[in-house]
Amino acid sequence: MTDAIEFNAELIRRYDKAGPRYTSYPTAVEFHHGFTADTYAQHIALSNQRGGPLSLYFHVPFCDTVCFYCACNKIITKNRQHAQPYLENLYEEIRMQAELFDTNRVVEQLHWGGGTPTFLTHQQMRELMAQTRKYFTLADDDKGEFSIEIDPREADDATIKLLRELGFNRISLGLQDFNPKVQKAVNRIQTEEQTFSILDAARREGFRSISLDLIYGLPHQTVESFSDTLDKVIAASPDRLSVFNYAHMPELFKTQRQIATADIPPPQVKLQILHRTIDKLTAAGYVYIGMDHFAKPDDELTLAQQNKQLYRNFQGYSTRAECDLIGLGVTSIGKVGDAYVQNVKTLPEYDEAIKAGKLPVLRGVELDEDDKCRRDIITRLICDFALDIPAIEKAYQINFNDYFADAIADLEQFAQDGLLQYKWDSIEVLPAGRLLIRNICMVFDKYSQQARQRFSKVI
């Protein structure tokens with residue numbers, strides 16, 4: 001499979017509609033409150049029967065200031081004391097969750113997200129990792145993939161040194177855009193010196209993967225202004241880049257109402273920014289992994305994709321498909337057994353559940369065989385840009401053309417438009433179809449039609 005990507009503006013405009021990002025299938029829209037802590041416990045038992053490694057996700061919801069574009073679950077406060085009661089509850093959840101999982105299962109992947117994980121003090125970070133190691137067995141540094149999201153405004157050299165000592169070996173830095181006018185419009189003032197000093201510190205401390213996050217489509221962005229940011233980022237040579245499309249949905253996210261719609265670049269300018277981004281990053285040697293992600297040719301993500309071992313979860317692309325994911329903290333989502341589970345969304349609800357000795361489960365969804373079949377298809381398409389049809393037929397004892405008869409016309413149209421090649425034994429996504437992979441996946445999603453209004457545009 002070629003790793004080329006073709007920018008076809010006419011096709012992109014034709015197919016630009018709302019759809020899921022497929023960090024799960026079924027998506028979170030299908031989670032329901034009939035899924036309880038007892039249901040979760042049943043799926044933990046199933047997970048233990050199957051065995052295998054574990055992945056831990058910790059949600060640290062606190063931020064010092066609000067970024068107007070942000071759609072994450074966060075709590076804005078300058079009072080650092082708010083973190084301690086939350087952490088005490090989190091330690092108790094760690095204990096309760098660990099009691100349900102076999103002690104011989106090793107944690108090969110760990111991620112702190114938010115919010116701003118480095119909102120915590122150095123001592124709090126030490127204690128959180130100590131509590132994690134008290135109840136779970138973490139893989140050695142050479143095998144474990146332990147990552148953290150960093151706001152460079154909330155870290156310094158000492159922070160990075162501490163994080164490496166605690167076991168983190170991968171780091172993701174939020175940047176978005178260096179242009180001062182854009183930064184002011186989204187309330188995120190962040191200098192080049194702040195950003196690159198943290199990147200340099202991570203290199204000195206031996207972090208094995210450094211990623212930078214950018215957003216295109218923010219207010220006042222132009223092709224040239226974003227190109228300037230890209231030039232500075234390319235010169236810094238991070239291992240990975242995430243270049244997200246800003247989804248302006250003020251009806252769903254209150255903080256986005258602080259952004260004037262008139263200041264957002266029109267769709268044709270966003271497409272031009274995306275086109276320039278792809279051209280510059282691929283010319284600089286980055287490989288387009290898919291879904292806004294780029295990586296160097298020797299990066300783990302690139303190698304996993306080449307070996308058809310790439311996976312996708314709530315943190316994006318991953319190299320640990322075999323891990324069951326335990327979500328810890330408010331709003332966190334896990335994947336255990338044949339189910340997805342999400343914790344309660346507010347601090348009072350979380351406190352109430354933990355104080356009552358209950359797992360803070362809010363909702364979830366159990367997967368049936370149809371869900372698992374469709375999830376496998378969507379995962380392989382979104383990770384490999386290809387599908388082995390006989391392998392799916394064998395795994396699920398189906399005739400592909402009969403089972404997905406309602407998708408055949410769409411696949412044939414995609415083929416006619418040059419997005420993919422569709423044969424009896426395979427689907428191969430072509431360079432022009434890689435940017436529209438979400439559209440291709442949607443034809444296998446039995447839920448997407450009724451839920452589409454809840455999702456952002458694909459480009």
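A few notes on this one:
- Overall Cα dimensions of segment 180-237 - principal axes, largest extent first, Å: 37, 20, 15
- Note that the chain presents 41 Å² accessible area per residue, ligands and nucleic acids not counted, probe 1.4 Å.
- Computed from backbone phi with θ = phi - 60° and the Karplus coefficients 6.51, -1.76 and 1.60, the 3J(HN,Hα) list for segment 200-211 is 5, 4, 4, 5, 4, 7, x, 5, 7, 9, 10, 10 Hz; x is used for glycine and proline.
- Protection-proxy order for peptides 108-119, 124-135, each taking the mean of Cβ atoms within 10 Å per residue, highest first: 108-119, 124-135
- Calculated translational diffusion coefficient of segment 366-429 (37 °C, 0.692 mPa s; Stokes-Einstein with Kirkwood radius over alpha-carbon pairs) equals 271 µm²/s.
- Using 0.36 nm per residue and subtracting the Cα-Cα separation, the extra length available between Asn73 and Ala283 on full extension is 72.0 nm.
- Over segment 216-367, relative contact order from alpha-carbon pairs under 8 Å, at least 6 apart, %: 16
- Expressed to the nearest 5 percent, the antiparallel share of DSSP beta bridges inside segment 283-362 is 100 percent.
- Segment 346-452 - convex hull of the alpha-carbon atoms, volume per residue in Å³: 142
- Pair Ala386, Thr36: separation of 7 Å Cα→Cβ label points (nm): 4.7
- Under 5 Å, built H, 5+ apart or other chain: amide partners of Leu430: Leu420, Gln421
- Global form of segment 403-450, assessed from the alpha-carbon gyration tensor, a/c cut-off 1.5: oblate
- Per-residue packing, averaged as other Cβ atoms within 10 Å, sorts the ranges 427-433, 32-38, 184-190 into the order 427-433, 184-190, 32-38, beginning with the highest.
- Note on the chain: Kirkwood radius taken over Cα pairs, Stokes-Einstein applied at 25 °C and 0.890 mPa s, translational D equal to 107 µm² s⁻¹.
- Overall Cα dimensions of segment 226-384 - principal axes, largest extent first, Å: 54, 44, 31
- Structure-based [θ]222 nm, the chain - -39500 (n - 2.57) summed over DSSP H runs of at least 4, per residue, nearest 500: -11500 deg cm²/dmol
- Beta bridges per DSSP with both ends in the chain, % antiparallel, nearest 5: 45
- Radius 14 Å from Cβ of Val341, net charge of other residues (Lys, Arg +1; Asp, Glu -1): -2
- Candidates Asn8, Gly52, Thr36 compared by Cα position along the dipole of segment 1-91: farthest toward the positive end lies Thr36, with charges placed on Cβ.
- Taken over the C-alpha atoms, segment 7-144 has Rg and Dmax values of 18.9, 55 angstrom.
- Under 24 Å from the Cα of Lys134 - lysines, other chains or at least 8 residues apart: Lys143, Lys161, Lys335, Lys355, Lys358
- Within the accessible area of the chain (1.4 Å probe), percent carbon and sulfur: 49
- With contacts taken as Cα pairs under 8 Å and at least 6 residues apart, the chain reaches a relative contact order of 23 percent.
- Label separation (Asp157 vs Thr261): 4.9 nm, computed from points 7 Å beyond Cα along the C-beta direction.
- Full extension of the segment from Ala321 to Tyr403, taken as 0.36 nm per residue of separation minus the current Cα-Cα distance, would add 27.0 nm.
- Label-to-label distance, Trp424 versus Thr191, with points set 7 angstrom from Cα along the beta-carbon direction: 6.7 nm.
The values are calculated or read from the model by the stated rules, or taken from the named source; none is laboratory data. It should be emphasised that the depicted structure is a prediction, and the values quoted were computed from it without experimental measurement. Heads up, the Cβs are rebuilt from the backbone with ideal geometry, glycines too, and the neighbour counts pull from every protein chain shown. Side chains included, ligands, DNA and RNA excluded: accessible areas come from the protein's heavy atoms. Shrake-Rupley method; radii C 1.70, N 1.55, O 1.52, S 1.80 Å.
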